Structures are given as C-alpha cells and as structure tokens.
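The values are calculated or read from the model by the stated rules, or taken from the named source; none is laboratory data. Keep in mind that this is a model prediction, so the values were computed, not measured. Please note: Cβ atoms are built from the backbone with ideal geometry, for glycine as well, and neighbour counts cover all protein chains shown. Ligands, DNA and RNA are stripped out before the accessible areas are found, and what is left, the full protein with its side chains, is counted by its heavy atoms. Shrake-Rupley method; radii C 1.70, N 1.55, O 1.52, S 1.80 Å.
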Amino acid sequence: MTIQWFPGHMTRARRQIQDKLKLIDVVIELLDARLPVSSRNPMIDEILLDKPRMILLNKSDLADAKVTQEWIEYFKKEGITAFPVDASTGTNVKDIPVQAKLLLKEKIDRQIAKGINPRAVRGLIVGIPNVGKSTLINRLAGRSIALTGDRPGVTKGQQWIKVGKEMELLDTPGILWPKFEDQNVGYRLAVTGAIKEEILNAEDIAFFGISYLMRYYWDALEERYGLQEFSKDADDSDSVIAIMEQVGRIRGCVVSGGRIDLEKASRAFLRELRAGKMGRFSMEAPY
C-alpha cells in the first residue's frame, strides 16, 4: 500500500506561512517525540529559511524516555534547542516563552540598548497534522482558543493567539509533503495517527505496527495480549497474523464461524497503541 495525503488546504497553508514570515521572530517546530524524523516535514527548512527555531518533542509521555534524551542530545549537536513537552498535561510548556526569549536575546538586548521597549515575541508554530499544535496553543494561552481534535486536519486556517504579555503565536494547519520518498515514513506516521484513517488500510498499518513492537518492544506486546506461547519473529508474516488474530479474540472481534474480523482487530490495536496502552515506545532513534 502506498501512503500519501496532501489535501488542498495544505498547499494554501504553505503559501500563507511564507506570506507571514516577515512578521515572525521565532519558529516553534513541533515534532512527535516517538518519530522525530518521520514527523519532520522536509519542506519546512526550505520554507522557513534562517529564522531562529526551537524544536519541541511533543507527546513525550508516549515516547521511550531514553530515546527521547538521545534525540535532545542529537539536536543539541546540530545547534538546535530541543526539549520534550506534553501539550496534553502541560509538562515543560511554561519553558517555551523562556526559551524563545533566550533564542532572541541578542536582538532584544540591541533593542533595549537603543531605548526600544521590546514588544511581545511573535512565534510561528509549525508541524504535521495531529502532532498537537492546537492543544499546545490552548495550554500556553490557558484557555480553549484553537480548535482541537484527536484526528489530523482539524486546523484549516491561521489565527494569532496571545500568550500572556510575552508572546503571540500564529497557529497554522498541519502540513505534510507531496510525496514520501521512503514508504516506511508513511507507515510510521499512519501508526501514530498523523494520517486520516479513512484513506488507509488498517490491516496493513497494524501489521507494520505489530512487526515493529515484536522487534523492539516485545515484552510490552506480550504482556498486553497474553502472547507467552507466540513466536516473536517479526520477519515471519504468519507470526504477525497470529498475533493480530489473538488481539481480535481478546477484543471480541469474532464473526460467524469463529473467524476473526482482522480489520476490526487492527483498528482496536492501533487505538490502544496510540493511547499508550502498551507503554512508551519510539519508532526512530538518532544512532
């Protein structure tokens, strides 16, 4: 299955971002802590050019903490400020305005030296669909301003939002890119919920997700679904299907004749994985 999703509003969003760049002081790039590479739009560098930038590894509560720390060190070596956040609970969210001012310290100091009272920092939040931009904005603003939803493609336009007296944020729609050169990127994004389920084959996505957990997080998968008697050979498609069937049996996805509804079982598995029911996991590591 080839995974691709680039709705028309994403093309408009790219143009709108470019139009607003002259008003922006700092870019806040939101990535999924579970897959910082796959959730990082390669078009962003070309769109944003040399604007000061920080990276927030969101949904860090769902990611493998050890791997997330490796990513922070990796970005630090690249000269990029990066830190984990959890927009849902507010973990580390208060650090964002502080870090933004640190990035702009030289500019702010020059303004003060000239007797200019610095205005509120203007930040642009960018990220792919369903990475948590609107949830983060609402958390920063301390009220429900940005439309949120546990599905990609909720934000369709742009809006300026005040964060106290220190910061103003420009919310933008999530933007994917026209073509995934590596289809594994598409599968990782689909597993974590960044692509609309309506256009996906749930069985293919669940197959990919189960294979990954078998290889790197077997203990969590085994405990969740009682797989003590199952093979953990992720390269054996029969083993993966057997586990999908076990998920179906446990979750009541049995149809006439005792057969397992694999599509229903696949959707149940993906919901539980995305909700952290199998504990923390990361799908990419820097080394």
- Table column - 3J(HN,Hα) (Hz), region 121-135, Karplus curve with 6.51, -1.76, 1.60, x for Gly and Pro: 5, 9, x, 10, 9, 10, x, 6, x, 6, 8, x, 4, 5, 4
- To the nearest Å, what is the center-to-center distance of region 193-215 and region 22-40, using C-alpha atoms only? 23
- Note on the structure: Amide H neighbours of Val27 at under 5 Å, excluding residues fewer than 5 places away on the same chain, with H built from the backbone geometry, are Arg53, Met54, Leu124
- Protection proxy ranking of 103-115, 198-210 - average other beta-carbon atoms within 10 Å, highest first: 198-210, 103-115
- C-alpha center-to-center spacing [region 89-114, region 222-266] in angstrom: 50
- Message: Suppose each label sits 7 Å from its Cα in the direction of the beta carbon; what would the Arg249-Glu70 distance come out to in nanometres?
- Response: 3.5
- Message: Please compute the per residue accessible area over region 35-133 with all protein chains in place, 1.4 Å probe, rounded to a whole number of Å².
- Response: 49
- Amide H proximity to Met167 below 5 Å, modelled H, separation 5+ or other chain, gives Val121
- Task: Over 24 Å between C-alpha atoms is what I'm after, so list which of Lys22/Lys196; Lys59/Lys264; Lys76/Lys105 land there.
- Result: Lys22/Lys196; Lys59/Lys264
- Of all DSSP beta bridges with both partners in the chain, the antiparallel percent, nearest 5, is 30
- Query: Once the other residues with Cβ under 11 Å from the Cβ of Met167 are scored (Lys, Arg +1; Asp, Glu -1), what is the net sum?
  - Reply: +2
- Message: For a quick check, take a GNM of the chain with Cα springs below 10 Å and name the residue from Ile116, Ile137, Ile125 with the largest mean-square fluctuation.
- Response: Ile116
- Query: Relative to the longest principal axis of the chain, what angle (0 to 90°, nearest 10) does the C-alpha long axis of helix 65-77 take?
  - Reply: 40
- Message: Between Ala275 and Leu21, what's the calculated FRET efficiency when r is the beta-carbon distance and R0 is 41 Å? Round to 0.05.
- Response: 0.70
